[in-house]
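Report on the structure given below.
Derivation of every value follows stated rules applied to the coordinates shown; laboratory data play no part. For clarity, every value in this text was computed on a predicted model and none was experimentally measured. With ideal geometry, Cβ positions are generated from the backbone for all residues, glycine too; neighbour counts draw on all protein chains shown.
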Amino acid sequence: QHFSKDFIHDRFIQAALTELGRTHAIDPANIHLVGFDAGGGMALQLACAGRVQAASLTLVSALMWEYSAQACANVRPTPLLIVHGREDEAFPVRGEIITEPVRARRFGADETVSFWARASGCASASASGRGDSALYANCSSGAQVAYVGVPRGGHLWFHADAAYQLNRNAIDTA
């Protein structure tokens, strides 16, 4: 029998959560999926597949692929936070088309946020911050969507620490 990588990831995460539930007192309603880079894509896939119910999603330096949006057509509204560098070379903020080894389109930040805002029943951004940051708080589903665009931010995990010189923007995603 053939298993896709997404199915294997789903099964692994399900098995890990089951084991944690056996050995620790965890509340399934408080499971939050957090991912950086491809881990952010995996968090989106897990939420879209619906096999792992998440209380929220946080993506750091990750955006959505067009094929993921097609697979997420009936996704359960889930609160989402995206923190993304405006100068991310690996996941360009305006999106991109990959031609090798197969043709695929990665959404830009605006398109990724718009997809989740629509899925959550958000009419329009209720607040905006510096630059292109936005909060969709008035959503019919109750699942808020937030985007923080980090000025001069590259492809990295943002955290605030005087000794950590890669983050000069004082954005803490921990």
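Points to keep in mind about this one:
- Which numbered condition L57 fails, given (1) under 18 Å from G149 (Cα atoms); (2) touching a helix residue (DSSP H, G or I) at 6+ places or on another chain (Cβ under 9 Å); (3) in contact (Cβ under 8 Å) with a residue 60 or more places away in the chain: (3)
- Note on region 50-133: enclosed strands (runs of 3 or more DSSP E) holding 2 or more residues that are crowded, with 17+ Cβ neighbours inside 10 Å and either in contact with a Cys (Cβ under 6 Å, 6 or more places away or on another chain) or on the phi < 0 side of the Ramachandran plot (or both) are 56-60, 80-85.
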